[in-house]
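The values are calculated or read from the model by the stated rules, or taken from the named source; none is laboratory data. Just so we're clear, the structure is a prediction, and the values are computed from it rather than from any experiment. So basically every Cβ, Gly included, is an ideal-geometry build from the backbone, and we count neighbours across all protein chains shown. Ligands, DNA and RNA are stripped out before the accessible areas are found, and what is left, the full protein with its side chains, is counted by its heavy atoms. Shrake-Rupley method; radii C 1.70, N 1.55, O 1.52, S 1.80 Å.
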Amino acid sequence: MVLSVIDIGTTKVVCLVARLDPAAESDLLRGRTHRARIIGIGHQRSRGLKGGAIVDLEGAEQAIRLAVDAAERMAKVEIRSAIVNMTGGRLGSDSYHAGVGLRGSGVSDGDIHRVLEAASTTGARPGRTVLHSLPTGFALDATKGINDPHGMVGEKLGVDMHVVSSDQNAVRNLMLAVERCHLDVEAVVATPYAAGLSALVEDEAEMGAVVIDLGGGTTSIGVFAGGHLVHTDSLAVGGNHITMDIARGLSTTVAHAERLKTLYGSTIATSSDERETIAVASVDEDERDAVNHVPKSHLVRIIRPRVEEMLELVRDRLKASGFSAETGRRVVLAGGGALLTGMPELARTIVSKQVRIGRPLGVQGLPEAAKGPSFAAPVGLLVYPQVAALEHFVPRPSAYRATGTDGYFSRMGRWLKESF
């Protein structure tokens with residue numbers, strides 16, 4: 001089976017085409033049923049996105065077309081549909097609990113369906129689109145944390161449901177940009193969930209981990225515990241804000257500021273920084289080709305405060321949600337921002353003692369350049385269909401009729417049944 005995914009970010013658009021082959025459980029990371037081998041890859045500088053949301057439909061469509069075209073040529077297949085991710089649109093989480101009475105006999109499929117239905121009906125807020133509806137644990141009478149209550153006996157069955165949602169219009173515009181390229185959208189996945197699916201190892205999701213995806217326009221957070229995604233959040237601040245700070249602070253162009261950040265950027269000052277100088281192209285009207293030489297320490301002084309601010313915002317958001325990373329949760333950094341020198345060290349002082357860089361795991365055929373944290377989310381989209389069956393979708397025609405995404409959930413359900 002061939003699967004296509006498109007990661008539409010503020011900085012880059014990536015299209016991956018992979019062949020999925022069923023594999024023995026022992027050969028794979030837990031929870032995965034298939035092994036993915038990349039057969040096509042295309043990536044393109046993103047256009048028309050700001051803060052993870054589409055602001056120029058034509059620019060976004062053009063970037064998607066170019067990335068898809070490159071992946072099609074390499075894979076020698078025609079892409080008709082894809083799974084895409086959602087980073088902007090103010091990703092948010094809600095948790096719901098619902099319970100139903102049992103008729104004395106063992107818990108049946110019908111009982112589980114009834115309790116999931118009851119939890120799902122409370123899940124949609126006006127103006128928001130549900131991306132994921134994940135049961136995080138069942139309860140039987142006073143016993144909580146049951147993974148599978150089938151056949152068990154009790155009087156009341158309860159379920160905790162975690163619902164991830166995004167702004168309805170942001171999802172609508174994302175789907176519109178993809179559909180204008182004559183592609184169907186199979187599913188829309190929250191970026192931090194995708195990054196976690198590809199970057200977390202066996203026990204991390206079980207013991208508790210926070211995935212921080214440091215993108216160009218947004219920083220998104222996914223909290224995993226007990227093997228489930230239990231909380232998501234996003235901030236409209238990312239790597240592009242660091243670039244803009246450099247451009248302003250050194251009076252240079254945005255493109256040159258991006259280059260300086262990539263080549264010399266760091267959050268840690270070293271003793272040699274004062275002695276080492278970097279060439280900065282000036283943007284003065286009079287001296288068009290002038291080059292200024294500034295100490296490298298100047299760059300660190302611009303970058304560090306912005307990165308500290310981003311990490312402090314993440315820490316405060318986690319604290320406010322009750323999922324503080326200080327309780328010993330491991331922090332996994334994904335996204336292009338994780339490549340900035342000194343990022344893990346700074347995160348250790350601000351967010352949590354245990355921090356590591358998250359790289360895409362368990363996928364074959366990735367080129368060397370795509371094995372870093374900036375490819376965690378696109379690879380996670382390839383893993384998503386293997387876990388999507390855990391979700392409980394309720395078709396809600398009323399919520400979707402106005403968005404041009406008629407039957408999205410029923411189509412998603414049908415696609416999963418046929419394919420997996």
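Screening ALA247 with (1) in contact with a strand residue (DSSP E or B) (Cβ under 8 Å, 6 or more places away or on another chain); (2) among the small types (Gly, Ala, Ser); (3) at pLDDT 95 or above gives one miss only, at (1). When VAL164, VAL115 are checked against the criterion of being more than 30 Å from GLU58 (Cβ to Cβ), among the β-branched types (Val, Ile, Thr) and in contact with a Gly (Cβ under 8 Å, 6 or more places away or on another chain), VAL115 stands alone in meeting it.
The sole residue among ARG30, ARG19 that is assigned to a strand (DSSP E or B), among the charged types (D, E, K, R), farther than 30 Å from ASN240 by Cα and open to solvent by 50 Å² or more (accessible area, probe 1.4 Å) is ARG19.
Looking at the structure I just gave you, is VAL211 under 26 Å from LEU29 (Cβ atoms), in contact with a Pro (Cβ under 7 Å, 6 or more places away or on another chain) and open to solvent by less than 10 Å² (accessible area, probe 1.4 Å)? Against the criterion (under 26 Å from LEU29 (Cβ atoms), in contact with a Pro (Cβ under 7 Å, 6 or more places away or on another chain) and open to solvent by less than 10 Å² (accessible area, probe 1.4 Å)), VAL211 qualifies. For the stretch 122-133, a tally of residues being touching a helix residue (DSSP H, G or I) at 6+ places or on another chain (Cβ under 9 Å) and either surrounded by fewer than 19 Cβ atoms within 10 Å (Cβ to Cβ) or hydroxyl-bearing (Ser, Thr, Tyr) (or both) returns 4.
The residue pairs whose first member lies in the stretch 259-278 and is closer than 12 Å to ARG304 by Cβ and assigned to a helix (DSSP H, G or I), whose second member is of a type in the set (Gly, Ala, Ser) and open to solvent by less than 40 Å² (accessible area, probe 1.4 Å), and whose beta carbons are closer than 8 Å, counting only pairs six or more residues apart or on different chains, are ASP273/SER297.
Of all residues in the stretch 51-72, none satisfies being among the basic types (Lys, Arg) and at pLDDT below 95. Considering ALA63, ALA75, ALA119, the condition of being open to solvent by less than 30 Å² (accessible area, probe 1.4 Å) and touching a Phe, Trp or Tyr at 6+ places or on another chain (Cβ under 6 Å) is satisfied by ALA119 alone. Of the residues examined, GLY99 is not one that is assigned to a loop (DSSP other than H, G, I, E, B), open to solvent by less than 40 Å² (accessible area, probe 1.4 Å) and either at pLDDT 90 or above or in contact with a strand residue (DSSP E or B) (Cβ under 8 Å, 6 or more places away or on another chain) (or both). When ILE146, ILE83 are screened for being β-branched (Val, Ile, Thr), at pLDDT 90 or above, under 28 Å from LEU183 (Cβ atoms) and touching a strand residue (DSSP E or B) at 6+ places or on another chain (Cβ under 6 Å), only ILE83 passes. Annotation: of all residues in the stretch 381-396 being buried (at least 18 other Cβ atoms within 10 Å of the Cβ) and not in a helix (DSSP H, G or I), the one that is modelled with the highest pLDDT is GLU391. For ASN173, the stated conditions hold: it is touching a strand residue (DSSP E or B) at 6+ places or on another chain (Cβ under 6 Å), open to solvent by 20 Å² or more (accessible area, probe 1.4 Å) and not small (Gly, Ala, Ser). Screening the stretch 143-237 for strands (runs of 3 or more DSSP E) wholly inside it with 1 or more residues that are under 30 Å from ARG45 (Cβ atoms) and among the β-branched types (Val, Ile, Thr) returns the ranges 156-167, 184-190, 209-214, 219-225, 228-235.
Restricting attention to the stretch 356-380, the residues that are hydrophobic (A, V, I, L, M, F, W, C), closer than 28 Å to ILE303 by Cα and surrounded by 24 or more Cβ atoms within 10 Å (Cβ to Cβ) add up to 3.
Return the residue satisfying two criteria in turn: it lies in the stretch 226-272 and is among the hydroxyl-bearing types (Ser, Thr, Tyr) and closer than 20 Å to ILE212 by Cα, and of such residues it is most open to solvent (accessible area, probe 1.4 Å). By that ranking, first place goes to THR262. Would you please name the residue that is modelled with the lowest pLDDT, looking only at residues in the stretch 177-201 that are under 19 Å from the mean Cα position of the chain (by Cα) and open to solvent by 20 Å² or more (accessible area, probe 1.4 Å)? This residue is VAL201.
Considering the stretch 306-336, the residues that are touching a helix residue (DSSP H, G or I) at 6+ places or on another chain (Cβ under 7 Å) and assigned to a loop (DSSP other than H, G, I, E, B) include one that is most open to solvent (accessible area, probe 1.4 Å), namely SER324.
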